[in-house]
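The values are calculated or read from the model by the stated rules, or taken from the named source; none is laboratory data. Keep in mind it's a predicted model, so treat the numbers as computed, not measured. Note: ideal-geometry Cβ built from the backbone for every residue, glycine included; neighbour counts use all protein chains shown.
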Amino acid sequence: MISRRTLIASAAALPALAAPSLRAAAPVKIGVLFPLTGGSASAGAQGKTAVEVALDVVNTPHPTLPELTFSPTGGLPGLGGATIEAIYVDHRGDPAMAQSLAQRLITGDKVAALLGSYQSSTAMTATAVAERYGVPFVVGDSVANNITERGYKFTFRVTPIGANFAATYMRFLAAMATDGKAVSSVALVNENTDYGTQVGNSIEAAIRATKIPLVVRIPYNANGADVSAQVLQLKGANPTLVIFISYASDAILFMRTMKSLDYLPPMILSDDAGFSDPAFIPAVGTISQGVMSRSAWNLGPPGSLTARINEVFKPKVGRDIDDASARDLEATFVLADALNRAGSTDPAKLQAALQATDLPQSKMVTGYDGVKFDASGQNVLGATYLTQLRGGGYVTVWPPAAGVPPVTWPMTGWK
């Protein structure tokens, strides 16, 4: 027989046994879309790694990063201490596949939000699906202007866009002219998908608003096998500056072809992307010395937030943070902040929290002035640095207010 005392003791123990399961909050699932295979696989892997590191910072204790964490014990206190769990999918750079995967993540995996997706063409289709289902999509690294020009209410883009970059480039050229490095003519080369076309349009408009002649604009098919005709066209136009908007395989092919045809302009300014892809420097870094690129990342002085996040990132990844990694880190932290403030995975509440985002520069792991979205979902506080390839990596060289070394002009290339 079971004694009355035993029954009372067992009953008293029940709440204690049940309590942990009652208190434990289910992880918040998010869908993350990147090109993990195909021509931009290295960039996709770079983005995935950045999201993984950002979620590790959010989900586990990181006392050195109080600006980026929400609880000393990790997790989101606004959601009962819940962690964020990412479901990664590979769209291979294919807009149709990105569309299909976004739908699967929303309807099958029941994610609370989406994040990604590198190529602007894939972001265009994936965000359209998110809008149709009313699920927030946070864009970390896709920059074509039209992503946030469609009147969508569930798309929130953290990164600066083509118009911002174009304005930065024009300020840079004006500063170079003041320093005696006047640009007398510009050529513009862009791949012909959404990214290259949209950013190219912004840069062309900015150039035409100055007195600098745009001598030629050369659109080309991305992932082509031969760019000799385009390089010879550049050589004939003989511009002071060539601005490239290219993905990795194209950027590598252009640099190799320019060397083989012995054409080196005084300066090349690239719009990040392929020139900052992890595949670029190992492939053609030695023949591309002095090429410039934009970057939202600067290490900063010891003790700064950027230096401290790099101290967490580098041991896990084996390299310093770079531009694309920084922008995907930032987007992940913005989404985590909104989830915590929303206190819910309800799409409407998360949407409202994202709309109310107002993060200061002191919380940025990038060079952004902060994060605050306008009615279109675009961050109005985005900003960027300019970097230059020196030796085995890019060094921030502009603006001088960032306390950086001066630009080396002309570029040395392979000479």
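Some notes on this structure:
- Subset of the stretch 178-204 [over 24 Å from the mean Cα position of the chain (by Cα), on the phi < 0 side of the Ramachandran plot and of a type outside the set (D, E)]: T178, K181, A182, V183, S184, S185, V186, A187
- Condition met for A237 (aliphatic (A, V, I, L, M) and either touching a Pro at 6+ places or on another chain (Cβ under 8 Å) or assigned by TED's automatic domain parsing to the domain that holds Q119 (or both)): no
- Qualifying residue in the stretch 288-295 (condition: assigned to a loop (DSSP other than H, G, I, E, B) and over 19 Å from G200 (Cα atoms)): yes
- Members of the stretch 371-399 that are under 25 Å from R319 (Cα atoms) and not in a loop (DSSP other than H, G, I, E, B): Y385, L386, T387, Q388, L389, R390, G393, Y394, V395, T396, V397, W398
To keep it simple, each residue is scored yes or no on (1) of a type outside the set (V, I, T); (2) crowded, with 24+ Cβ neighbours inside 10 Å; (3) at negative phi; (4) in a strand (DSSP E or B).
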{"position": "Y118", "(1), (2), (3), (4)": "yes, yes, no, no"}
{"position": "A123", "(1), (2), (3), (4)": "yes, yes, yes, no"}
{"position": "A126", "(1), (2), (3), (4)": "yes, yes, yes, no"}
{"position": "A130", "(1), (2), (3), (4)": "yes, yes, yes, no"}
{"position": "N146", "(1), (2), (3), (4)": "yes, no, yes, no"}
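- Condition met for T366 (out of contact with any Phe, Trp or Tyr (no Cβ under 7 Å at 6 or more places or on another chain), within 21 Å of A86 (Cβ to Cβ), buried (at least 23 other Cβ atoms within 10 Å of the Cβ) and hydroxyl-bearing (S, T, Y)): no
- Of the residues making up the stretch 213-226, none is in a helix (DSSP H, G or I) and of a type in the set (A, V, I, L, M, F, W, C).
- Qualifying residue in the stretch 195-208 (condition: at pLDDT 95 or above, over 27 Å from A375 (Cα atoms) and not assigned by TED's automatic domain parsing to the domain that holds V32): yes
- Residue list for the stretch 77-104, restricted to those being among the hydrophobic types (A, V, I, L, M, F, W, C) and either under 30 Å from P302 (Cβ atoms) or in a loop (DSSP other than H, G, I, E, B) (or both): I84
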